[in-house]
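Visitor: First the structure, then my questions, so here it is.
The values are calculated or read from the model by the stated rules, or taken from the named source; none is laboratory data. Computed from a predicted model, the values in this text were never measured in an experiment. Methodologically, a virtual Cβ is constructed for each residue, glycine included, from the backbone with ideal geometry; neighbour enumeration extends over all protein chains shown.
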Amino acid sequence: MQTQDKAAEITPEVGAEIAARLAKAIGASQDYLLSIQNSAGYWWADLESNVSMTAEVVLLHKIWGTDRTPPLHRAIAYLRSQQCDHGGWELFYGDGGNLSVSIEAYMALRLLGIPEADRDLLRARDFIVQRGGISRSRIFTKFHLALIGCYDWRGIPSLPPWVMLLPDFFPINIYELSSWARGSTVPLLIVFDRKPVFPVPGITLSELYSEGVENAQYDLPRNDDWSDIFLGLDAAFKLAETLNLVPFRAEGIQAAERWILERQEPTGDWGGIIPAMLNSLLALRVLDYDAANPIVVRGLQALDRFAVTPENQYWIQPCVSPVWDTALVIRSLVDSGLPPDHPALVQGGEWLVNQQILDYGDWAVKNRRGKPGAWAFEFDNRFYPDVDDTAVVVMALQGVQLPNEALKQSAIDRAVDWLASMQCRAGGWAAFDVDNDQDWLNAMPYADLKAMIDPNTADVTARVLEMVGDLDQATSSNSKMGINQMGIDRALAYLQQEQEPEGCWFGRWGVNYLYGTSGVLVALSLIAPKSHASQIEKGANWLVSCQNPDGGWGETCRSYDDPSLKGQGVSTASQTAWALIGLLAVGEATGHVSRAAIDRGITYLLDTQHADGTWNEAEFTGTGFPSHFFLKYHLYQQHFPLTALGRYRSLILGTGQA
């Protein structure tokens, strides 16, 4: 294999100094991760997004009149701490400020009692007005403002409630929406129908209209293409509302209400994500549920469990990730040499086995043959297990030795069978559903976040194939478990088709091409190192070409909007680890890869590790919705580097011992 950096064969020679540094770094990282394991056996760290999550929770509590129960006043310090020098708030670290996020932060501070003349709000107002003000913001920001009378409902797209009554075999129905869009949209069918206003005395936010509130236009934006047909449909829907001629209106509202109640977890969660939880509680408020109703009480309590309260602050996570965190930490500890029967790994593995979901969820609507056996991202999410978590949990369990191995194996078998049933027509795997790929849904005016569907992606597909290769390696057999050779061949063809001209792959759930390319290289190196040698070589070449002068790798979230930024950005620990994991997999499979690039990357990780075994990075390297919503997993910068260091030591030194 030739790379841009002169090809070098992976050999066991390495200096005593680097070996000693490796041992020290791995030991410190292991000690840190072991020290933060929960007594129940799982690992779980903060999951950070932008401030809009916190702002919308403040709004919800105001609407419910429950704003004195949680310590919302502490959100003031948090929101102030997140404001940038330019006066706005960011979508992701270093983005220069985002209009919609800034408007929602401003709204929250006003709702929390901060006066319009406050110095920070004056700076924020200038930032917002200079960028077009409320009229230029996203639909969901306008929707939240409309709830308190600060925007006119005329500018919000209509969602007719009769959509709930369309059967699942109909070409258009709620199950053609992605799981996250479905969980958020069904309750909004109620809210958008009723168009409620809960005014807050003294707050109009008229100062945030660049053109002046009296000149505001409430027309939906035109695209001057075929998608403008939706504007005509929206006008028809609004006319029907005005004339009270919406068909099956009451029946649609009742169906939506029933759907919401059926999908609330016993813990109060809806879908394990803040938007679905917020919107479900809004719908119940519009339906005149009382704040003392047990359904509402559980929902608000679940919402409060997403809160983080450090140093007299209060902020809201968009989701929680204990299953994901636990599985990835276990893999890193195993990869770095911890014995598979280590008590911490046993406890973590048993916790994961107990989290397997044995209920049918929404996935079964389009997947009629699959049987339960998957894992979700969160503590409680029976309706929405996902492919990515399930594949990673299977690999984590495969790497540990539990007292009841038969129980573990039965859990793995169920999971693999479920994954086999989730393969899409195109050959790959999506996150939550099968064949959820009607892209025209993203053209609706309501869909300005462009996240209405859940098509198969290269990174999730690669994870499933990596799992297949991992299981085959462990069992020393040719059995593909529930995923047969035909399914594997279809997936390989899909990945080959998805490779970019430069050699990289798009990363749907991590930023961005570094994430996608690393995952695919690992999968191809395990499953098809010979038949796909040219694709592997091209991908490895691309990774090497992206290495920064400091030895690390990084990629900006802007690469989702500007393809010229693929693989470019300041070095981070997590993204450097991804690149190394991909290159090391290529080296192990082929024996040839750029040893110099790998060594420089390892040195970067060793040089940037802190004495307590941790790495720090401010950048967001997780993706919620490409271009529109990003995440910072606070454990990514810890376990991925440990995985890279452990695999490097195993490959280069030929030992996995700590």
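Visitor: If you go through segment 128-183 one residue at a time, how many are out of contact with any Leu (no Cβ under 6 Å at 6 or more places or on another chain), on the phi > 0 side of the Ramachandran plot and touching a residue at least 60 places away in the same chain (Cβ under 8 Å)?
Guide: Going through segment 128-183 one residue at a time, the tally reaches 1.
Visitor: Go over the candidates Ser179, Ser184 one by one and state the one that is buried (at least 21 other Cβ atoms within 10 Å of the Cβ), under 26 Å from the mean Cα position of the chain (by Cα) and farther than 14 Å from Ala447 by Cβ.
Guide: Unique residue meeting the criteria: Ser179.
Visitor: With the structure loaded, tell me whether Arg600 is within 27 Å of the chain's Cα centre (by Cα), in the same structural domain as Ser571 (by TED's automatic domain parsing) and part of a helix (DSSP H, G or I) or whether it fails that test.
Guide: It is false that Arg600 is within 27 Å of the chain's Cα centre (by Cα), in the same structural domain as Ser571 (by TED's automatic domain parsing) and part of a helix (DSSP H, G or I).
Visitor: If you don't mind, another one. Suppose the filter is part of a loop (DSSP other than H, G, I, E, B), of a type in the set (Asp, Glu) and either modelled with pLDDT of 95 or more or in contact with a strand residue (DSSP E or B) (Cβ under 9 Å, 6 or more places away or on another chain) (or both); does Asp417 pass it? Steps first, answer last, please.
Guide: Details: part of a loop (DSSP other than H, G, I, E, B): no; of a type in the set (Asp, Glu): yes; either modelled with pLDDT of 95 or more or in contact with a strand residue (DSSP E or B) (Cβ under 9 Å, 6 or more places away or on another chain) (or both): yes.
Criteria not met by Asp417.
Visitor: Another question, if that's okay. In segment 542-558, how many are surrounded by 22 or more Cβ atoms within 10 Å (Cβ to Cβ), over 23 Å from Leu635 (Cβ atoms) and not hydrophobic (A, V, I, L, M, F, W, C)?
Guide: Result for segment 542-558: 1.
Visitor: If you check Asp225, Asp288, which single one turns out to be over 30 Å from Phe377 (Cα atoms) and outside the structural domain of Ile63 (by TED's automatic domain parsing)?
Guide: Within the list Asp225, Asp288, the selection yields Asp225.
Visitor: Taking interchain pairs and intrachain pairs at least six residues apart, which have beta carbon atoms under 6 angstrom, with the first residue in segment 453-468 and outside the structural domain of Gly539 (by TED's automatic domain parsing) and the second in a strand (DSSP E or B) and at pLDDT 95 or above?
Guide: Matching pairs, first to second residue: Ile453/Asn436; Asp454/Asn436; Asn456/Trp429; Val460/Trp429; Thr461/Trp429; Val464/Trp429.
Visitor: Within segment 321-354, how many residues are among the polar types (S, T, N, Q) and either surrounded by 21 or more Cβ atoms within 10 Å (Cβ to Cβ) or modelled with pLDDT under 95 (or both)?
Guide: We begin by selecting, within segment 321-354, every residue among the polar types (S, T, N, Q); these are 321, 326, 332, 336, 347, 354.
Okay, now just the ones that are also either surrounded by 21 or more Cβ atoms within 10 Å (Cβ to Cβ) or modelled with pLDDT under 95 (or both), so 321, 326, 332, 336.
So the answer is 4.
Visitor: Could I ask something else about it? Taking segment 529-549 as the region of interest, how many residues are among the charged types (D, E, K, R) and either over 22 Å from Val586 (Cα atoms) or assigned to a helix (DSSP H, G or I) (or both)?
Guide: 2
Visitor: Let me ask another. Test of understanding: among Ala302, Ala292, Ala235, Ala283, which residue is of a type in the set (A, V, I, L, M, F, W, C), part of a loop (DSSP other than H, G, I, E, B) and either crowded, with 20+ Cβ neighbours inside 10 Å or on the phi < 0 side of the Ramachandran plot (or both)?
Guide: Result: Ala292 is the single residue among Ala302, Ala292, Ala235, Ala283 that is of a type in the set (A, V, I, L, M, F, W, C), part of a loop (DSSP other than H, G, I, E, B) and either crowded, with 20+ Cβ neighbours inside 10 Å or on the phi < 0 side of the Ramachandran plot (or both).
Visitor: Now for a separate question. Tell me, please, whether a residue that is at positive phi, out of contact with any helix residue (DSSP H, G or I) (no Cβ under 9 Å at 6 or more places or on another chain) and surrounded by fewer than 21 Cβ atoms within 10 Å (Cβ to Cβ) can be found in segment 627-643.
Guide: Looking for residues that are at positive phi, out of contact with any helix residue (DSSP H, G or I) (no Cβ under 9 Å at 6 or more places or on another chain) and surrounded by fewer than 21 Cβ atoms within 10 Å (Cβ to Cβ), one finds none in segment 627-643, hence no.
Visitor: While we're looking at this one, here's another question. State the number of residues belonging to segment 341-389 that are free of Cβ contacts under 8 Å to residues at least 40 places away in the same chain and assigned to a helix (DSSP H, G or I).
Guide: Looking only at that region, the number is 3.
Visitor: Could you check segment 221-265 and list, in sequence order, the residues that are within 12 Å of Trp162 (Cβ to Cβ) and without any contact (Cβ under 8 Å) to a residue 24 or more places away in the chain?
Guide: Result: Leu245, Ala250, Gln254.
Each row is one residue, and each column tells you yes or no for (1) buried (at least 19 other Cβ atoms within 10 Å of the Cβ); (2) modelled with pLDDT of 95 or more; (3) within 30 Å of Phe230 (Cα to Cα); (4) of a type outside the set (Phe, Trp, Tyr).
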| site | (1), (2), (3), (4) |
| --- | --- |
| Asp448 | yes, no, yes, yes |
| Thr461 | yes, yes, no, yes |
| Gln473 | no, no, no, yes |
| Glu502 | no, yes, no, yes |
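Visitor: Examine segment 575-584 for a residue that is part of a loop (DSSP other than H, G, I, E, B) and either surrounded by fewer than 24 Cβ atoms within 10 Å (Cβ to Cβ) or in contact (Cβ under 8 Å) with a residue 60 or more places away in the chain (or both), and state whether such a residue exists.
Guide: no
Visitor: Okay, next question. Identify the residue in segment 411-446 that is among the acidic types (Asp, Glu) and surrounded by fewer than 23 Cβ atoms within 10 Å (Cβ to Cβ) and, among all such residues, is nearest to Gly155 (Cα to Cα).
Guide: Checking each candidate, the answer is Asp439.
Visitor: Now for a different question. Just need a number here: residues in segment 234-290 that are among the small types (Gly, Ala, Ser) and within 31 Å of the chain's Cα centre (by Cα). Reasoning before the result, please.
Guide: Of all residues in segment 234-290, those among the small types (Gly, Ala, Ser) come to 235-236, 240, 250, 252, 255-256, 268, 271-272, 276, 280, 283.
From the residues that got through so far, the ones that are within 31 Å of the chain's Cα centre (by Cα) too are 252, 255-256, 268, 271-272, 276, 280, 283.
Qualifying residue count for the region: 9.
Visitor: Residue under question is Val416, and the condition is that it be under 28 Å from Leu521 (Cα atoms), among the β-branched types (Val, Ile, Thr) and in contact with a Cys (Cβ under 8 Å, 6 or more places away or on another chain); does it hold?
Guide: no
Visitor: If you check Gly587 against the conditions, is it over 27 Å from Lys538 (Cα atoms) and either in contact (Cβ under 8 Å) with a residue 12 or more places away in the chain or part of a loop (DSSP other than H, G, I, E, B) (or both)?
Guide: Judged against the criteria, Gly587 is not a match.
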